[in-house]
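The values are calculated or read from the model by the stated rules, or taken from the named source; none is laboratory data. Keep in mind that this is a model prediction, so the values were computed, not measured. Using ideal geometry, Cβ is built from the backbone for each residue, glycine included, and neighbour counts are taken over all protein chains shown. The protein model used for the area step is the full one, side chains on, heavy atoms only, and it has no ligands, DNA or RNA in it. Shrake-Rupley method; radii C 1.70, N 1.55, O 1.52, S 1.80 Å.
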Amino acid sequence: MAEIEDAIERADREAFTRQPPKTLKGQIGYLIKQLKTTRAVAQELGVSQRSVERYRKGERKHPPQAIAERIDAAVRARWQPQVRKRRQRQAATTGGITVETRARFGYTAPIGTTDDGRFRRLTVHLPPTYAQRLFDARNTGASDQQMRAIIAEGFKEIYFQDGGARATGLSDVTLNDIDYLDLDY
């Protein structure tokens, strides 16, 4: 499961200034415009070139559900890349990122205190440095576990330690058993 990746995708979609094409013909037309040839679109979707041509002409209007989902995903992945980049750049330089989650947090604490993990529902605004690290990790193909570690480190610094004002002996916060996770930037 790639909860963090999905959350970033949802946050990107919320930034769209226009909605992507909804009709099959419009979606195929957009993909052809982006990828330049029907052959490239066919390879991207895992269908024959002739099928793509039928979709474009309107000869076939209802592809199988799995193919329709691949078409929609391919369009959304390419839709408004400049808007995505601008929002991510703003989050990484000035705005930061807000993480809302319900998950089990575990941590290593000093002797005499409890380190039992428990479910918490948190909404924490992380500074731009964490947003930049999260986007960099995503762009370099980091695993979901690595991106979780970045968010957990941000929670440790901002929420648990309150910027160094409390829980200074706390180390190694982990983010486990995510019930849900949502990002906003």
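Taken over segment 41-54, residues that are open to solvent by less than 30 Å² (accessible area, probe 1.4 Å) and under 26 Å from the mean Cα position of the chain (by Cα) amount to 3. When you check Q27 against the structure, is it within 27 Å of the chain's Cα centre (by Cα) and assigned to a helix (DSSP H, G or I), yes or no? Against the criterion (within 27 Å of the chain's Cα centre (by Cα) and assigned to a helix (DSSP H, G or I)), Q27 qualifies. Report, by residue number, each residue of segment 104-156 that is modelled with pLDDT under 85 and open to solvent by less than 50 Å² (accessible area, probe 1.4 Å). Result: F105, G106, Y107, A109, G117, R120. Among the residues making up segment 30-40, those that are more than 26 Å from the chain's Cα centre (by Cα) and open to solvent by 80 Å² or more (accessible area, probe 1.4 Å) are K36, R39. Of the residues that make up segment 47-70, is at least one within 30 Å of A103 (Cβ to Cβ) and out of contact with any Lys or Arg (no Cβ under 9 Å at 6 or more places or on another chain)? Yes, because at least one residue in segment 47-70 is within 30 Å of A103 (Cβ to Cβ) and out of contact with any Lys or Arg (no Cβ under 9 Å at 6 or more places or on another chain).
Considered as a group, the residues in segment 1-24 that are free of Cβ contacts under 8 Å to residues at least 60 places away in the same chain and loosely packed, with under 14 Cβ neighbours inside 10 Å include one that is farthest from the chain's Cα centre (by Cα), and that residue is T23. Of the residues examined, T98 is one that is closer than 29 Å to L126 by Cα and in contact with an Asp or Glu (Cβ under 7 Å, 6 or more places away or on another chain).
Identify all residues within segment 75-87 that are under 15 Å from the mean Cα position of the chain (by Cα) and either closer than 12 Å to G46 by Cα or open to solvent by 30 Å² or more (accessible area, probe 1.4 Å) (or both); write none if there are none. Within segment 75-87, R76, A77, R78, P81, K85, R87 meet the criteria.
One residue alone among R50, R76 is assigned to a helix (DSSP H, G or I) and in contact (Cβ under 8 Å) with a residue 24 or more places away in the chain, and that residue is R76. Taken over segment 53-73, the criterion of being acidic (D, E) and either in a helix (DSSP H, G or I) or in contact (Cβ under 8 Å) with a residue 40 or more places away in the chain (or both) is satisfied by E53, E69, D72.
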